[in-house]
Amino acid sequence: MPVQSICCIGAGYVGGPTCAVIAAKCPHITVTVTDSNAARIEQWNSDILPIYEPGLEELVKRCRGVNLFFSTDVKGAVKKADLIFISVNTPTKVKGAAGEVGLAPDLQYVELAARTIAREAKEGLTLVVEKSTVPVRAAATISEMLASANRPGVSFQVLSNPEFLSEGTAIKNLLHPDRVLIGGENQQAISDLADIYAAWVPRERILETSTWSSELSKLVANALLAQRISSINAASELCEMTGANVSEVAKAVGMDSRIGPKFLNPSIGFGGSCFHKDIMSLVYLCKHYHLPENAEYWQDIINMNTHQRVRFCRKIVSSLFNTVSHKKIAVFGFAFKKDTGDTRESSSIVVADYLIGEGAEVFIYDPKVPDRQILTDLKLPQITKEISPGVITPEGIVDKSVHICRDPYDAARGAHAVVVCTEWDEFTTLDYQVIYDSMQKPAFLFDGRMILNHDTLMKIGFRVHCIGKSLNH
Ligand code: NAD
């Protein structure tokens, strides 16, 4: 039977954009996005959405109140749904139990969602779709939970439908996906879900596999993407040692059609909520199945990322005459990548923490990350009027070592160094002569994203340091 009513549990970076696109492309389907976080739902129903994604606001404003709804009433939406997406967070456990093989994915939110569905689903058949990234065979666990309610006349089919969108380009990715992956064992259920996507995705891009292949594909895809970043970053250090230029190496390597040019940008390392945790999930899976060599292989991707971040931080300190104590450092960008306000696992947090730990005062500017998020990430008190005198100013100073700035020129004024941590386009069009003139001398610039014109900066007078290329000063 064609799906007429969809419920999504989890109104986050995946649930919100995915449902906005489905609502826009399938006007005959009612889509209700639910979340237990009332503040988040309030924002989805307001003018300022809880997440920033290019194109999202326009879609939400077009469909909201027509066939797209945001609600905290999870049970109510589940009761009415023919199809339910589970799109909740699946973090890594904070602590492994004694004797455990590593840090497992934490499925508590998936379990909670599954139990709600088991209790509340309508009579007849409901499709339950794993949108969250889960370990292999999670669908079996979800099926067991759904069956445990033992309600006569109520039945379920569980499908795996992992999401491959990238933050910052989510709407574009959802509208024009490389592929939509559906894993399942029941052909009718697979077809019912495929029919929804077929409203805008060409059929040949809708790939059907077994449930376990689908679940594992998501983990492997993220691990391979992260591996490319770690590989080019590993090459970048070698370039610095040997006099090679990593941008030239990446171009030469990427022109090989077997390799391709994407995801070969040298940087201070990958961030985001997915790569790290999905690789940890893969590592855990390998250890669980007694495959230590495989576990080590995937783990090394993370180890290289950590190394790249730390060596970048060390380079900042050593270049600034081995101390940043009481020095002012401007951090350009706090989001884990451009075009998102998401800071989860952002390299900027690592850089800011490191510099603060070394005694520096950091001046942070990001066009989309809210102040309170920066403070939370740096484990600093929130801005309140009650904070002791001198610790807060109208610019948002909340701690003597951290200042949140309204524009990059403010952040750089009087600074000893500018550190580019996020590849926001606006950082490429700033007037660096003005920035240079306002800074302490010698003025240092660290390009952690390789987005600036280093020759021009050096002509202005900056001492430039970047990744994978030695610059003569
Ligand atoms: P998120 O943290 O932004 O959103 C998850 C939401 O689920 C939260 O708002 C939370 O309050 C809500 N939630 C949790 N348990 C709930 C429950 N029982 N009832 C109602 N609401 C509940 O997470 P996200 O970034 O949207 O990711 C969701 C899943 O998708 C994760 O498994 C992630 O790995 C995967 N994924 C994320 C991305 C990405 O780029 N963010 C891409 C692909 C896949």
Compactness summary of the range 1-103: radius of gyration and Dmax from Cα atoms, Å, are 15.5, 52
In the chain, what percentage of the DSSP-assigned beta bridges are antiparallel, given to the nearest 5?
5
For the chain, which whole percent of the accessible surface, found with a 1.4 angstrom probe, sits on carbon and sulfur atoms?
53
Return P(r) of the range 236-307 (all Cα-Cα pairs; 5 Å bins starting at 0; whole %; ordered from short to long distances).
4, 14, 17, 17, 18, 16, 10, 3, 1
Just the number, please: percent antiparallel of the DSSP beta bridges in the range 1-120, rounded to the nearest 5.
5
Where nothing but the Cβ of Lys and Arg (+1) and of Asp and Glu (-1) is charged, how large is the charge dipole of the chain around its Cα centre, in debye to the nearest 20?
180
Take the alpha-carbon positions of the range 93-225, form their convex hull, and give its projected area averaged over all directions (one quarter of the hull surface) in nm².
9.7
With every protein chain left in place, what is the accessible area per residue of the range 91-210 in square angstrom, probe 1.4 Å?
47
Sites Asp431 and Trp212, calculated FRET efficiency, Cβ-Cβ separation with R0 51 Å, nearest 0.05
0.40
Along Cα→Cβ, 7 Å out, is where each label goes; now give me the distance between the ones at Leu175 and Thr72 in nm to one decimal.
3.3
The chain: relative contact order as a whole-number percent, Cα under 8 Å and 6+ apart:
12
For the chain, compute Rh as the Kirkwood radius over C-alpha pairs and then the Stokes-Einstein diffusion coefficient at 4 °C and 1.567 mPa s; write the answer in µm²/s, rounded to an integer.
54
Specify whether the C-alpha gyration tensor of the range 49-142 places it in the rounded, prolate or oblate class, a ≥ b ≥ c being the square roots of the eigenvalues: rounded for a/c under 1.5, otherwise prolate if a/b is larger than b/c and oblate if not.
oblate
For Lys93, give me every one of the lysines with a C-alpha distance below 27 angstrom, ignoring sequence neighbours fewer than eight places off in its own chain.
Lys75, Lys131, Lys218, Lys277, Lys287, Lys337, Lys379
With a/c under 1.5 counting as rounded, go ahead and sort the range 119-181 into rounded, prolate or oblate using the C-alpha gyration tensor (a ≥ b ≥ c being the square roots of the eigenvalues; past the cut-off, prolate if a/b is larger than b/c, else oblate).
prolate
Between Asp410 and Lys61, take the C-beta separation as r, use R0 = 25 Å, and let me know the FRET efficiency to the nearest 0.05.
0.20
Between the range 398-473 and the range 1-57, what is the separation of their alpha carbon centroids in Å?
38
At q = 0.11, 0.16, 0.17 Å⁻¹, what log₁₀ I(q)/I(0) does the range 234-360 have when each alpha carbon counts as one equal point scatterer in the Debye sum?
-0.51, -1.01, -1.09
Is the range 186-287 best put as rounded, prolate or oblate by its Cα gyration tensor, with a ≥ b ≥ c the root eigenvalues, rounded for a/c under 1.5, and otherwise prolate when a/b is larger than b/c, oblate when not?
prolate
Say each of Phe321 and Leu291 gets a label point 7 Å from the Cα, pointing the same way as Cα to Cβ; how far apart are those two points in nm?
5.4
Apply the Karplus parameterisation 6.51 cos²θ - 1.76 cosθ + 1.60, with θ equal to phi minus 60°, to every residue of the range 327-337 and state each ³J(HN,Hα) to the nearest whole Hz, in sequence, with x for glycine and proline.
8, 9, 10, 8, 9, 8, x, 10, 5, 6, 7
So between Thr306 and Ala198, what do we pick up on full extension, going 0.36 nm a residue minus the alpha carbon distance?
34.8 nm
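The values are calculated or read from the model by the stated rules, or taken from the named source; none is laboratory data. These numbers were taken from a predicted model, which means no experiment stands behind them. We place every Cβ from the backbone using ideal geometry, glycine too, and count neighbours over all the protein chains shown. Heads up: the accessible areas ignore ligands, DNA and RNA and are worked out on the full protein's heavy atoms, side chains in. Shrake-Rupley method; radii C 1.70, N 1.55, O 1.52, S 1.80 Å.
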